[in-house]
Amino acid sequence: MAERATHRDRLRALEFEAFVAGAGGRLLHTATLLTGEPPQPPGAYVRAEALLRAALARTYADWDRLHGGDPYDRARRELALRFAREARRHQRPRGGLLDRLTPIERLVLVLRMYEEVGEGQTAALLGLSADRVRAVCARAVATLRASGAGRGAGPGTRGTAPAPRRTP
């Protein structure tokens, strides 16, 4: 009986390691966008890595209860919820392209635009109405556009370079 449990635990650990090997990079990038840590050498994203570790620990704890569900969705959900709780308790994240956004705007924008989570699923995840998610997302995009983000304008932005001038 103990051998069966040990084998099951090893199999569970191997499955989880394979999941992290495949999805860990994208989840870390999502965590980095949420926390707004400025670009640093690899391995130096302290807040993002701590957020991801906590989300992955919870995902691993619930691994057996996923029953064929998508572990990436579970890890992303845990990442978003942990960020939302942290953002309520602490100051606004600083740094990066999204530094002008409030934590909820940052969270909605990352889920909707980077993670491509549907409006209804984002609303359910955050406990908001779909109309509220739509309004927050529109406000976040408008804020970024108004600040010149994405065009490389303004101090502290890391957008793309301005388009070359056309000659007549």
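Projected onto their three principal axes, the Cα atoms of the range 2-148 cover extents of 61, 37, 26 Å, largest first. A protection proxy built from the mean count of other Cβ atoms within 10 Å ranks the segments 27-33, 130-136, most packed first, as 27-33, 130-136.
Between GLU119 and ALA61, 0.36 nm times their residue separation minus their Cα-Cα distance comes to what?
Details: separation 58, 0.36 × 58 = 20.88 nm, distance 2.78 nm.
Stretched out fully, the GLU119 to ALA61 stretch lengthens by 18.1 nm.
Tell me the carbon and sulfur percent of the accessible area for the range 2-148, rounded to whole percent, probe radius 1.4 Å. Within the range 2-148, the accessible surface is 55 percent carbon and sulfur. The order of the peptides 107-116, 61-70 by mean Cβ neighbours within 10 Å, most packed first, is 107-116, 61-70.
The values are calculated or read from the model by the stated rules, or taken from the named source; none is laboratory data. None of these values were measured; they are calculated from a predicted model. Virtual Cβ from ideal backbone geometry, glycine too; neighbours counted across all protein chains shown. Please note that ligands, DNA and RNA were not included when accessible areas were found on the heavy atoms of the full protein model with its side chains. Shrake-Rupley method; radii C 1.70, N 1.55, O 1.52, S 1.80 Å.
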